[in-house]
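Asker: Let me begin by handing over the structure; questions about it come next.
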Amino acid sequence: MVRPIGPSSEHTRSAILDMVRSSGTVSRIELAEMSGLTATSITRIVKSLIEDGLVIETGFGDSTGGKRRSLLELNPKAGFAVGISLDEGRLTYVVVDLGGDVIGRVVTAGIGKASPSAVLERIVEELEELFRELEVPRSQVLGVGVAGAGLDLGAGSRRLSTTADEWDEFAVQEILEARLGLPVVRDNDAACAALGQYWVGRIPATQDFCTLYMSNGFGLGLVSGGRVARGASSNVGEIGHVIIDVDGPACWCGASGCLEMLAAPRAIVRRALGDPELTKELELSGEDAALRRDYDALARAAASGEERSLALVRESARYVAAAVLSTVNVLDLDRLHLSGPGFDDAGPIYAQAISDLVSRHARARAVHGVDVVLSDPGFDAAAVGAAALALQHVLTPHARNPRIAPMRASA
Ligand SMILES: [Zn+2]
């Protein structure tokens with residue numbers, strides 16, 4: 001059974017464990033070089049991590065004349081974490097090991113119009129069932145992470161959502177913790193997706209990057225210094241409300257010409273509905289409840305080269321690329337991930353548009369390029385990221401953001 005890192009040892013030990021995670025395999029000497037700590041300190045910290053089962057020795061690296069260097073890595077089997085993505089259309093559950101590898105996954109009906117309490121009741125049952133199927137003992141589960149679109153997260157911070165008011169006020173963490181007897185943390189889906197890339201992709205804490213998450217809208221998760229950026233109220237990453245056209249259509253947020261109004265699935269579907277033939281061919285319904293299905297049909301058609309759909313998705317991609325270019329310039333980014341269901345089929349079209357614009361116009365293009373990395377469509381970015389959030393919270397608490405109170409909402 002893994003013991004969470006106690007306050008006495010905390011920061012340094014936690015940072016060393018994170019270096020082991022991001023390195024894959026690493027020697028004690030390399031850890032000393034990376035951290036600036038003495039060999040003696042590293043030996044002591046590694047010994048305690050091995051004793052707690054978090055780190056294992058995996059063989060020997062090249063000798064450089066002296067004695068052979070034994071290699072260390074995170075012990076993936078030391079425990080598990082659960083990630084849950086709450087989405088209107090579906091609930092995705094993943095169970096991951098310490099390395100973030102998915103060992104079990106299930107997708108069930110979405111939250112739809114159900115009340116939060118009914119959904120949480122169902123989550124508890126479905127999770128128990130998943131634990132039974134995977135034969136994962138509760139004592140081995142370190143924590144549960146929950147990702148939700150437009151649901152906030154930080155302790156007590158209010159996320160500005162027009163669609164999820166009931167959820168905003170709902171004590172998801174407290175109720176799930178009480179019912180499951182496990183630590184629960186949550187964040188929005190873009191922040192989770194970014195953290196999932198960080199953990200599973202073994203990105204070191206020294207690499208800053210953004211994840212653009214596209215579902216019905218857009219969100220941007222920014223990881224800087226190994227932490228998800230929070231801003232003043234946990235509302236970082238509202239890239240959907242970057243103004244692309246000051247004379248553009250009015251947005252529900254009060255501004256005009258926001259990226260979401262011009263480029264989100266709803267905007268693409270609305271334009272497609274203006275073409276009766278295309279509407280008929282793709283069997284678009286135009287109903288609000290069928291938005292995801294309509295958009296998916298258009299994205300698939302575009303990906304297969306159907307010209308009218310391709311033109312619509314490319315138009316959206318040009319707007320997205322413009323917003324991303326501004327973000328790249330403001331943050332001096334050299335790495336951007338694209339993830340979320342909006343990119344499942346049309347991802348390459350967006351990645352191309354972004355790469356083209358950024359490589360031509362990024363202000364720092366003479367100094368460095370920008371890698372645009374498209375997530376595997378099968379990758380449950382938000383759910384895996386939510387599990388990574390739980391792992392980070394328990395295993396490397398030095399990277400917790402001070403704005404997130406431990407485990408519980410502030411109420
Ligand atoms: Zn707006």
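The values are calculated or read from the model by the stated rules, or taken from the named source; none is laboratory data. Since we're looking at a predicted model, the values are computed, not measured. For neighbour counting, all protein chains shown are included, and Cβ atoms are generated from backbone atoms with ideal geometry for every residue, glycine included. In case anyone asks, the SASA skips ligands and DNA or RNA and just uses the protein heavy atoms, side chains included. Shrake-Rupley method; radii C 1.70, N 1.55, O 1.52, S 1.80 Å.
Asker: Working from the pairwise distances between different alpha carbons, so that the mean of 1/r is found and then inverted, what is the chain's Kirkwood radius in Å?
Answerer: Mean inverse Cα-Cα distance, inverted, gives 22.3 Å.
Asker: Leaving out ligands and nucleic acids, and using a 1.4 Å probe, what accessible area per residue does the chain come to in Å²?
Answerer: With the other protein chains kept in place, the chain gives 44 Å² per residue.
Asker: Averaging over all projection directions, find the projected area of the Cα convex hull of the range 10-77 and quote it in nm² with one decimal place.
Answerer: If I average the Cα hull's projected area over directions, I get 4.5 nm².
Asker: Net charge near V370, counting Lys/Arg +1 and Asp/Glu -1 over other residues with Cβ under 15 Å of its Cβ?
Answerer: Surrounding charge for V370 is -1.
Asker: Can you work out the Karplus-derived ³J(HN,Hα) for every residue in the range 196-211? Use 6.51 cos²θ - 1.76 cosθ + 1.60 with θ = phi - 60°, whole Hz, and x for glycine or proline.
Answerer: Coupling constants for the range 196-211: x, 4, 4, 6, 6, x, 6, 7, x, 5, 7, 9, 7, 7, 10, 10 Hz.
Asker: Same structure again: Write down the percent of antiparallel bridges among all DSSP beta bridges whose residues are both part of the chain, to the nearest 5.
Answerer: Around 60 percent antiparallel, to the nearest 5.
Asker: Additional query: What three numbers, in Å, describe the spread of the alpha carbons of the range 238-374 along their principal axes, ordered from the longest?
Answerer: Per principal axis, max minus min of the Cα coordinates gives 49, 35, 21 Å.
Asker: Can you tell me the dipole magnitude for the range 10-77 around its Cα centre, using point charges on the Cβ only (Lys, Arg +1; Asp, Glu -1), in Debye to the nearest 20?
Answerer: Roughly 180 debye for the range 10-77.
Asker: With a sphere of radius 14 Å drawn around the Cβ of G100, what net charge do the other residues whose Cβ falls strictly inside it have (Lys, Arg +1; Asp, Glu -1)?
Answerer: Counting the neighbours of G100, the net charge comes to -2.
Asker: Okay, moving on. Within the set of other residues whose C-beta is less than 9 Å from the C-beta of S256, count the net charge using Lys and Arg as +1 and Asp and Glu as -1.
Answerer: Net charge around S256: -2.
Asker: What dipole magnitude, in Debye to the nearest 20, does the chain give about its Cα centre under +1 on Lys/Arg Cβ and -1 on Asp/Glu Cβ?
Answerer: Result for the chain is approximately 1420 debye, rounded to the nearest 20.
Asker: Taking all protein chains as present, what is the carbon and sulfur share of the accessible area of the chain, in % to the nearest whole number, probe 1.4 Å?
Answerer: C and S fraction of accessible area: 51 percent.
Asker: Another question, then. Rounded to the nearest 500 deg cm²/dmol, what is the calculated helix-only ellipticity per residue at 222 nm for the chain, with -39500 (n - 2.57) per DSSP H run of length n ≥ 4?
Answerer: Rounded to the nearest 500, the figure is -12500 deg cm²/dmol.
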